[in-house]
1. Residue by residue through region 364-385, note down the ones that are more than 17 Å from GLY442 (Cβ to Cβ) and part of a strand (DSSP E or B).
2. Taking the condition of being over 30 Å from ALA180 (Cβ atoms), in contact with a strand residue (DSSP E or B) (Cβ under 9 Å, 6 or more places away or on another chain) and among the aliphatic types (A, V, I, L, M), how many residues in region 276-296 meet it?
3. Looking only at region 309-331, count every residue that is surrounded by fewer than 18 Cβ atoms within 10 Å (Cβ to Cβ) and outside any loop (DSSP other than H, G, I, E, B) and tell me the total.
4. Restricting attention to region 248-268, report how many residues are in contact (Cβ under 8 Å) with a residue 40 or more places away in the chain and in a strand (DSSP E or B).
5. Regarding region 175-187, can at least one residue be identified that is open to solvent by less than 20 Å² (accessible area, probe 1.4 Å), touching a Phe, Trp or Tyr at 6+ places or on another chain (Cβ under 8 Å) and among the aromatic types (Phe, Trp, Tyr)?
6. So, in region 124-146, of the ones that are within 19 Å of the chain's Cα centre (by Cα) and of a type in the set (A, V, I, L, M, F, W, C), which residue ends up surrounded by the most Cβ atoms within 10 Å (Cβ to Cβ)?
7. So, in region 39-87, of the ones that are assigned to a loop (DSSP other than H, G, I, E, B) and open to solvent by 70 Å² or more (accessible area, probe 1.4 Å), which residue ends up modelled with the highest pLDDT?
8. For GLY403, which of the numbered conditions (1) modelled with pLDDT under 95; (2) more than 28 Å from the chain's Cα centre (by Cα); (3) not charged (D, E, K, R) fails to hold?
Amino acid sequence: MQTRVRPALNARTATVSLWSALACALALPVHAQSNELTVEQLAQRLRAIEQRLGGGEAVANASADSGNLSDLDQRLRVIERKLELQVEENAARVASTPVVSLSASKGLSVKSPPPGDVELKFKALVQADGRFFIDDRQLPQNDTFLFRRIMPTIEGTWGPLIGFRLTPEFAGDSATIADAYFDLKFDPRATVRIGKFKSPVGLERLQSSGSTGLIELGLASELTPNRDLGVQLQGELAGATVSYALGVFNGAVDGRDSPTVNPDNEFELAGRVFVEPWKNASNALSGLGFGVAASSGDRRGNGNNFLPRYRTPGQTQFFNYRSAVLADGAQTRWSPQAFYYRNGLSLLGEYVSSSQDVRVGAFADELEHTAWQLTAGYVLTGEDAGYKGVARPNQPFTLGAAGWGAFELVARYGRLEIDDDAFPRYADRNAVAAAARSWGLGLNWYLTGNLKLVANYTQTQFDGGAAAGRDREDEKAFFTRAQLAF
């Protein structure tokens, strides 16, 4: 639905009607001759037109005498000029009036008058979750309801050169900034992004938080950085079949955001190239894309800003370093990745390797941790799947009607392995796991293009992680989500 704040719209409609009436009035003298109408009758019709135009005192004076043909001609000329002025005034109002647009899929937007190169868009993502753990006897977890994300967004353009996005996060104990950046849009092939945004390394992480197949990310995403502060050159080439990103960042540890300032005076270079060769074709390969991403930098220090902690899809920690361990040198990642979408089918897979130079006392090593995962989904109700999710059900859920929305089944399997050389010097095998294997099933119910209900079951098995060399107990988690997005 679009609404233009345009008071002159009714006046324009009236103007068209008056032009028609004026045309009839101009033809009246001939008509009068053929039907023996009097000048007085013509004058009465003309006075009616003048009253509709708001002639005021002039109309009152004109009613005092019937006038003659010369007088009628002069009054018609005055009406013509008034109509011309109204049309000019309407055009000026339209040219200076912003366009306000409100739609279920795109939220609220305000666009400047033509050429419309200034635009503000207001969006939001709200996720209310439930987390329930089953048979958690050795390491009990709290069953809970929580807000996973409360993220209003302001984005848009400020002229043809500048784009921007600001997304605060209100879920949790304190408000934070998720995204805050602006784009210098020199060309679709070369845009410079400056601020805080998602690092270009992880394929699943680059999906919108409202579009991922399952509620929480998989094990491979634990080895990729999340949001970081920096500057990035990005663009699309060859008819948007090739996309790239290359940036310099403060550097974020695996699976986390970077701190608000650079903690160690070191920077990280990260980049990605992704190809969709048949994107613009109409064949079975049009939904295939593949690429590679990597990052490299130095990291020196200890604590959570320098060394990672790894979590299960159930969001419980299963690996961390000993407190005395330091990050002490090169940190590199590389990740081949691919997706395929065809009608209701979706496949997404990636492999990630993350290595870090570490030191404790006089001992130093390079540790390489690896992970991979594959996510598959199918939309049961006939809608198309995509990297951005199921956009809108063909028959939205409607009370008392036949529409039930769209249903999607999703499955994922992944594995994360810790470098064997991490034990026992840098990590305690009796306290943390050396590997994790996780599978999950999910049902996504898209009631409308804005409302989504989700249920997930995930189960994770571990190597080590318990006293006396035993394996940590399996994690069994049932998660639910109600999501509102616009």
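The values are calculated or read from the model by the stated rules, or taken from the named source; none is laboratory data. This is a predicted model, so every value here is computed, not measured. Quick reminder, even Gly has a Cβ in these numbers, built from the backbone with ideal geometry, and neighbours come from all protein chains shown. SASA here: full protein model, heavy atoms, side chains in, ligands and nucleic acids out. Shrake-Rupley method; radii C 1.70, N 1.55, O 1.52, S 1.80 Å.
1. Step one: filter region 364-385 for residues more than 17 Å from GLY442 (Cβ to Cβ), giving 364-372, 382, 384.
If the condition is that a residue be more than 17 Å from GLY442 (Cβ to Cβ) and part of a strand (DSSP E or B), then ALA364, ASP365, GLU366, LEU367, GLU368, HIS369, THR370, ALA371, TRP372 are the ones that fit.
2. Of the residues in that region, 3 qualify.
3. Pass one, region 309-331, residues surrounded by fewer than 18 Cβ atoms within 10 Å (Cβ to Cβ): 309, 315-317, 320, 322-324, 329-330.
Now drop any that are not outside any loop (DSSP other than H, G, I, E, B), which leaves 317, 329-330.
Residues that pass the stated criteria total 3.
4. Within region 248-268, residues that are in contact (Cβ under 8 Å) with a residue 40 or more places away in the chain and in a strand (DSSP E or B) number 2.
5. The answer is no, given that none of the residues of region 175-187 is open to solvent by less than 20 Å² (accessible area, probe 1.4 Å), touching a Phe, Trp or Tyr at 6+ places or on another chain (Cβ under 8 Å) and among the aromatic types (Phe, Trp, Tyr).
6. First pass over region 124-146, keeping only residues within 19 Å of the chain's Cα centre (by Cα): 124-128.
Still in the running and of a type in the set (A, V, I, L, M, F, W, C): 124-126, 128.
Working: ALA124: 16, LEU125: 20, VAL126: 18, ALA128: 16.
Looking at residues that are within 19 Å of the chain's Cα centre (by Cα) and of a type in the set (A, V, I, L, M, F, W, C), I get LEU125.
7. Kept after step one, since they are assigned to a loop (DSSP other than H, G, I, E, B), are these residues of region 39-87: 54-56, 63-68.
With open to solvent by 70 Å² or more (accessible area, probe 1.4 Å) added as a condition, the list becomes 64-65, 68.
Details: ALA64: 46, ASP65: 49, ASN68: 68.
Checking each candidate, the answer is ASN68.
8. (2)
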